[in-house]
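Here the structure is laid out as C-alpha cells; the discussion comes afterwards.
Just so you know, all these numbers are worked out from the coordinates, no wet-lab data involved. In this text the structure is predicted, and so the values were computed from the model without any measurement. As a convention, Cβ positions derive from the backbone with ideal geometry for all residues, glycine included, and neighbour counts pool all protein chains shown.
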Amino acid sequence: MVRKVGYIRVSSQQQNTVRQKKSLKEQGCTVFYEEKISGATLDRPELQQMLDGLEGGDIVIVHEISRLSRSTKDLLEIIDQIKERGASLKSVSEAWLDTSSDNPMNDFLLTVFAGLVEFERKSIKQRQREGIDIALSQGKYKGRKTKLVEGGEEEVRRNAILEAYKNRTSIADIRKTYKVGTGTIYRLLEREGVNR
C-alpha cells in the first residue's frame, strides 16, 4: 500500500502550520512530519527522521517546495535522498514537481535546476580564485582564518593538533579526536607553514 507522507515546515515558533496540514490532508496524507525551523539548513530533526523512515513506493508531499528547502542545492540533495529510498516527491503548489509519474517536464526542470546550481558553484569558485590571485600579487593573501583561534582552550586545541600532525597522526584520526573539519586542519597547517 502506498503511503502518502506529509512534510510541514514553518520558519518560526510564532507561525502556524494549519494551512499546510489542511492542504496535505486533502492530498491523502496519513503520516506527518512537522517542524518550526529555518529551511536554510538540512540539519532538521523531523526532515532527517522522515527521510530515514521512507520506504519504496512512499510519496512525500509538500504544500510548496520552499517548505522542503530554500536552497536549490539542498532541494536537489533531498530529492536524491528520496529517490534513493525508492520513494517520490510531489508538491501541491508546483504541479510540475511530481516524481511519482513519468513527467518529461519534471525531469527537464530538475535538470535545469541542477545545471544552475553547478553554474553558480563554478562561478563562485572562479571569483574566489581571481580574488586570491589579486591578493597574492599584492602580498595580502594569507588564506582563510581557521576556527582555531589564539587564546584559551582553542589555542591549546590548535597546538595539540599541530603536535599530533608533526607526530605523523593521520588527518582522519586528528579529525575524530579533536572534532574538527578537514578544511580547518589544512588551513591551520598552511597558516603555520607546516609541510603536508
Charge context of ASP107, other residues only, Cβ under 14 angstrom, K/R +1, D/E -1: -2
Shape category assigned to the range 4-101 from the gyration tensor of Cα positions, a/c cut at 1.5: rounded
The range 4-101: antiparallel DSSP beta bridges as a percent of all, rounded to 5: 5
At 0.890 mPa s and 25 °C, Stokes D of the chain from Kirkwood alpha-carbon radius, µm² per second: 121
Fraction of beta bridges assigned by DSSP in the chain that are antiparallel (%, nearest 5): 5
For the chain, built as a Gaussian network whose Cα springs stay under 10 Å, the top-fluctuating residue of GLU26, GLU46, GLU64: GLU26
Dipole of the range 22-127, positive end: most advanced residue of LEU110, LEU54, SER23 [Cβ charges, Cα centre]: LEU110
Helical contribution to [θ] at 222 nm, DSSP H n ≥ 4, -39,500 (n - 2.57), averaged over the chain, rounded to 500: -16500 deg cm²/dmol
Residue with peak Gaussian network fluctuation, the chain [Cα springs, cutoff 10 Å], from ARG70, ARG44, ARG157: ARG157
